[in-house]
1. Please find, among Ala354, Ala285, Ala332, the residue that is closer than 30 Å to Lys63 by Cα, of a type in the set (A, V, I, L, M) and not in a strand (DSSP E or B).
2. Which pairs have Cβ atoms under 6 Å, sit 6 or more apart or on different chains, and link a residue in the range 355-369 that is within 20 Å of Trp398 (Cβ to Cβ) to one that is of a type outside the set (Lys, Arg) and exposed (fewer than 12 other Cβ atoms within 10 Å of the Cβ)?
3. Considering only residues that are in contact (Cβ under 8 Å) with a residue 24 or more places away in the chain and of a type in the set (Asp, Glu), look in the range 266-296 and name the one that is farthest from Val437 (Cα to Cα).
4. Being surrounded by 17 or more Cβ atoms within 10 Å (Cβ to Cβ) and either of a type in the set (Val, Ile, Thr) or at pLDDT 95 or above (or both) is the filter here; which residues of the range 331-345 pass it?
5. Kindly indicate the residue of the range 386-429 that is polar (S, T, N, Q) and within 14 Å of Val349 (Cβ to Cβ) and also nearest to the chain's Cα centre (by Cα) among those meeting that condition.
6. Could you tell me how many of the residues in the range 412-432 are among the aliphatic types (A, V, I, L, M) and modelled with pLDDT of 90 or more?
7. Among residues belonging to the range 307-329 that are outside any strand (DSSP E or B) and touching a Ser or Thr at 6+ places or on another chain (Cβ under 6 Å), point out the one that is farthest from Lys271 (Cα to Cα).
Amino acid sequence: MPEHTAAADFAALLRELKDRSGLSYGVLAKRLHMSTSTLHRYCNGDAVPADYAPVERLARLCKARPEELVELHRRWVLADAVRGRKGAAAAETSPEEAGSGTGPGQAASEAAPPAEAASAGAPPAAPADADTGADPAPTRRRTRTAVLAGIAVAAVAAGVAFAVGLPGGGSDGDGDGGRHRPVGAAGVTAEGTAPASSSPPSSAAASPSSPSSPAKDKGPARTPAGSAPAGAPSGEGQKSGVPVTVRAEPYAWESPCSQRYLADKPASEMKPPPLEEGAAAWVAAHGAVSSGQQYLRLTVQGTGPETVVVDGLTVRVAGKRAPLAWNDYAMAYPGVGCGGGVQTRAFAVSLDSARPSLTPEPGNEDFPFKVSESDPEVYYLTASVSAYDVDWYLELKWSSGDRSGTLTVDDEGRPFRTSGNKGRPAYEFPIGGDGWVPEGTTKLE
């Protein structure tokens, strides 16, 4: 879809919701914790938000209907995909730029501090000839090239060592909640058929502070040969023969009132509750685990114009243990109202069950569904648990023509992790307060 069309369609629905609400840009921007000019750019189509969380909050403030929330997410996915392709193309450097020393590589090397140049083993730039007044620019360009080459070699070597040292993956804590990163290995072969065996992903990095983590027993995550990332861009999916991609957001919130996290830290060491878009970084910083329930948002999109049938989602349990004996922290501020409409394509699963399975929420349809590049689907999963600490992941079955396969959907190579919180010490963060207090002790005016 052309860039201007995707962005314009997305902005048009935003404007419609904003105008219908009767609220000004200033009022909405204040409630969304963003600048008025930024909100203007989103509604005018001049910019596409990199994260969907503020878009959903805007829609809810404007009293969007469930079907409008689904359509808004669909339009954002398309506009965001086009924006991503444009950004990737702009990052490429032409041969003329590379040869002339005037491209992005030159700017990066000029900005490098002297210490980096010395560590890369680059010779110092030669001064201009005192007698001839020769311009030292060619020498500087050669020096910059040597510096850049040395840094690149060192970075590649460090990257390989890091990848080998951390086979299970880890959270980078950048706060995007997995929205623009691969969410796990797609369990399909290059031909797009289901693999002969399905091994559960590793929980090696499920929680760095958990003494009961089964990481030592399970070993590194295994990726089938020829597989593609489940959240890979469309081009990667096509190269691997997989006609569908999946983007998982394991730290999405149905509403702040329903979201809680367990952490093995005292209240005095905990940061204040984040906004939804900062939840991933907050969880990573505290080694936290979803408490009581986990709300998962899956965006499924085809990689081309052909129709792909999503036949179903299966819940797989990778491990069950006694619930974590950690403190329970509520994300909602006391006295702040929480709202949330019923989503379409909503499913629930009890992880306490011996064989957990997804069931549609009342009024929702069940699988199968159809997707394509221009017609993505969004599924909302609520996984609840009270009696266990559960590692789990999903298998998405798809078919297209005479091809079929299974995608493993997880948290960047690790299982999702949700623990019961029954009887755990619970805390809340009062508005205007300076720390967490036992839940229920806050006096509301």
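The values are calculated or read from the model by the stated rules, or taken from the named source; none is laboratory data. What you see is a predicted model, and the numbers here were worked out from it, not measured in a lab. Heads up, the Cβs are rebuilt from the backbone with ideal geometry, glycines too, and the neighbour counts pull from every protein chain shown.
1. Working: Ala354 fails: closer than 30 Å to Lys63 by Cα; Ala285 fails: closer than 30 Å to Lys63 by Cα.
Result: Ala332 is the single residue among Ala354, Ala285, Ala332 that is closer than 30 Å to Lys63 by Cα, of a type in the set (A, V, I, L, M) and not in a strand (DSSP E or B).
2. Correct list of pairs: Pro360/Asp366.
3. Glu277
4. Correct list: Thr344 only.
5. Narrowing the range 386-429 to residues polar (S, T, N, Q): 386, 399-400, 404, 406, 408, 418-419, 421.
If we keep only those that are within 14 Å of Val349 (Cβ to Cβ) too, we end up with 386, 418.
Numbers: Ser386: 26, Thr418: 18 Å.
Residue satisfying both the conditions and the ranking: Thr418.
6. 1
7. This residue is Thr307.
Quick grid of which residues meet (1) hydrophobic (A, V, I, L, M, F, W, C); (2) touching a helix residue (DSSP H, G or I) at 6+ places or on another chain (Cβ under 6 Å); (3) farther than 19 Å from Thr314 by Cα; (4) surrounded by fewer than 21 Cβ atoms within 10 Å (Cβ to Cβ):
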{"residue": "Arg355", "(1), (2), (3), (4)": "no, no, no, yes"}
{"residue": "Phe367", "(1), (2), (3), (4)": "yes, no, no, yes"}
{"residue": "Tyr380", "(1), (2), (3), (4)": "no, no, no, no"}
{"residue": "Ser386", "(1), (2), (3), (4)": "no, no, yes, yes"}
{"residue": "Leu394", "(1), (2), (3), (4)": "yes, no, no, no"}
{"residue": "Lys397", "(1), (2), (3), (4)": "no, no, no, yes"}
{"residue": "Arg417", "(1), (2), (3), (4)": "no, no, no, no"}
{"residue": "Glu439", "(1), (2), (3), (4)": "no, no, yes, yes"}
